[in-house]
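One structure is given below, encoded as structure tokens.
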Amino acid sequence: MDMTNKDEDDAIVGAVATSVLAFGVAINVAYNNQSSIPREPYTNKDQEREFYMNSILNGSDVHCIGQIRMSKHVFYELCNALRRNNLLCSTKNMSIQEQVLIFLEIVGFNERFRKIGSHFYRSIESIHRCFHTVLQAVLKLYPIIIKPSDGTIQPEIRNNYRYYPWFANCVGAIDGTHVLASVPIEQQSRFRGRKGTTTQNVLAAINFNLKFTYVLAGWEGSAHDSRILNDALERPHGFQIPQDKFYLGDAGYGLRKGFIPPYHGVRYHLQEYSDRPPQNEKELFNLRHASLRSSVEHAFAILKRRFRVIDNEPFWDFKTQVDVVLASCILHNHIIDLEPNDMIIQEVDVEPLVQPQNAQITQSSQGSQSYQTQRERREEARECH
């Protein structure tokens, strides 16, 4: 009987030992199988980030403009301006150059933070923080880069007999442009413009070398142009016009001190003169007015071509949307100052929309082309006498 119990105990111990051994073997096999699963190869993020930045800043200017919407020279001057004015500095983990590159890629192509993060091997939080830091730094360049007119006669006027001396006191043109806006549903009715989309109405004054001299953003898309102009003139340190000078504006701004609209009820747009030249003094004035004021349309076209964020659905809060428009105008002026004829500007058609029939081309001292019909020459000769 004792022998039988002992045999049973031995059998139980053996079974337990076998189970433990089998369990150990199973764990070992599972571990070996798990360790054999292929893992993502190690990536040196700092090295990859440096390689990506060098591909932009050490490549050709064409590639650089294609990536960040400005040449290498203009980019480094922007970084220097931000550093020189104590507006931006390198951090422990991010240089000024990287911060500005991130910002320019976002506003240049309206890219989402996640995608930019994959380019620079940074977290979404880091990209978000960097974007807003650079945005606020660029905005502080406004009084340095966007300067009001000093009242001097611009060479585009003085060196072109079509405009001088009749427009000698003209310092620029004003106009508004609508930029897509994203606002809460309860506010959308106020921001809905004539085309049915929600927009902000941006007022800008531009001189004849395509630089902004004043920008007011943030008004609702439904606001009338004259109301926005009134606001700009009434603001402290707002829109200022030199004494005895004037800006050209369309009929929506009306005739007021410092602003001259075209004659009402008279042909105005350039294409209206393509088949029939001016017949009287008022039509001649309107043609000259439209030709000069087209500079503001050219500037807006360049701005929207360069910074795609201006013409696409925004994904920030409305205050940031307004700030981005202002920052884009500041960057536009910075580029015009340093490279007034870069690749993007060349892509935009800066000639009059329609050439009048029998037009002759005259060259100004800046090399820009202007069109003059024989009829207009005779009208001008009569005016001069």
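The values are calculated or read from the model by the stated rules, or taken from the named source; none is laboratory data. For clarity, every value in this text was computed on a predicted model and none was experimentally measured. Quick reminder, even Gly has a Cβ in these numbers, built from the backbone with ideal geometry, and neighbours come from all protein chains shown. Accessible surface areas use protein heavy atoms only, side chains included; no ligands, DNA or RNA. Shrake-Rupley method; radii C 1.70, N 1.55, O 1.52, S 1.80 Å.
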Screening ARG256, ARG190, ARG235 for residues that are without any contact (Cβ under 8 Å) to a residue 40 or more places away in the chain and more than 30 Å from GLU313 (Cβ to Cβ) leaves only ARG256
The condition from (1) touching a residue at least 60 places away in the same chain (Cβ under 8 Å); (2) under 30 Å from LEU338 (Cβ atoms) that LEU203 misses is numbered (1)
Residues of the stretch 196-207 being open to solvent by 20 Å² or more (accessible area, probe 1.4 Å) and in contact with a strand residue (DSSP E or B) (Cβ under 8 Å, 6 or more places away or on another chain), in sequence order, are THR197, THR198, ASN207
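Kindly establish whether PRO356 is farther than 30 Å from ASN280 by Cα, at pLDDT below 95, open to solvent by less than 50 Å² (accessible area, probe 1.4 Å) and part of a loop (DSSP other than H, G, I, E, B).
So PRO356 fails the test.
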Flagged pairs (Cβ under 7 angstrom, 6 or more apart or on separate chains; first in the stretch 127-143, part of a helix (DSSP H, G or I); second among the small types (Gly, Ala, Ser)) are ILE127/GLY117; LEU135/ALA327; VAL138/ALA327; LEU139/ALA327
Taking the stretch 98-119 and keeping only residues that are of a type in the set (A, V, I, L, M, F, W, C) and within 20 Å of ARG83 (Cβ to Cβ), one is left with VAL100, LEU101, ILE102, PHE103, LEU104, VAL107
Residue pairs within 6 Å by beta carbon, gap of at least six or interchain, first lying in the stretch 50-67 and under 21 Å from ARG308 (Cβ atoms) and part of a helix (DSSP H, G or I), second open to solvent by less than 50 Å² (accessible area, probe 1.4 Å) and of a type in the set (Val, Ile, Thr), listed first then second, are CYS64/ILE56; GLN67/ILE56
Scanning the stretch 78-92 residue by residue, those closer than 19 Å to ILE106 by Cα and in a helix (DSSP H, G or I) turn out to be LEU78, CYS79, LEU82
Filtering the stretch 41-72 down to residues that are open to solvent by less than 70 Å² (accessible area, probe 1.4 Å) and aromatic (Phe, Trp, Tyr) yields TYR52
Residue set ASP244, ASP311, ASP317, ASP250; condition in contact with a strand residue (DSSP E or B) (Cβ under 8 Å, 6 or more places away or on another chain) and open to solvent by 40 Å² or more (accessible area, probe 1.4 Å); output residue ASP311
With the first residue restricted to the stretch 332-352 and required to be open to solvent by 30 Å² or more (accessible area, probe 1.4 Å), and the second required to be modelled with pLDDT under 90 and of a type in the set (Lys, Arg), Cβ contacts under 7 Å at 6 or more apart or on different chains are none
PHE75 meets each of (1) open to solvent by less than 60 Å² (accessible area, probe 1.4 Å); (2) of a type outside the set (A, V, I, L, M); (3) outside any helix (DSSP H, G or I) with one exception, condition (3)
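I want to confirm something. Restricting to the stretch 144-165 and keeping residues that are in a loop (DSSP other than H, G, I, E, B) and β-branched (Val, Ile, Thr), which single residue is least open to solvent (accessible area, probe 1.4 Å)?
Of the stretch 144-165, the ones in a loop (DSSP other than H, G, I, E, B) are 146-154, 159-165.
With the extra rule that they be β-branched (Val, Ile, Thr), the set shrinks to 146, 152-153.
Working: ILE146: 5, THR152: 82, ILE153: 52 Å².
Residue satisfying both the conditions and the ranking: ILE146.
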Those residues of the stretch 272-307 that are within 30 Å of ILE68 (Cβ to Cβ), open to solvent by less than 60 Å² (accessible area, probe 1.4 Å) and either part of a helix (DSSP H, G or I) or modelled with pLDDT under 90 (or both) come to a total of 11
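Residues to consider are PHE239, PHE191, PHE212; find the one that is under 19 Å from the mean Cα position of the chain (by Cα) and more than 27 Å from GLY265 (Cβ to Cβ).
Details: PHE239 fails: under 19 Å from the mean Cα position of the chain (by Cα); PHE191 fails: under 19 Å from the mean Cα position of the chain (by Cα).
From the options PHE239, PHE191, PHE212, the qualifying one is PHE212.
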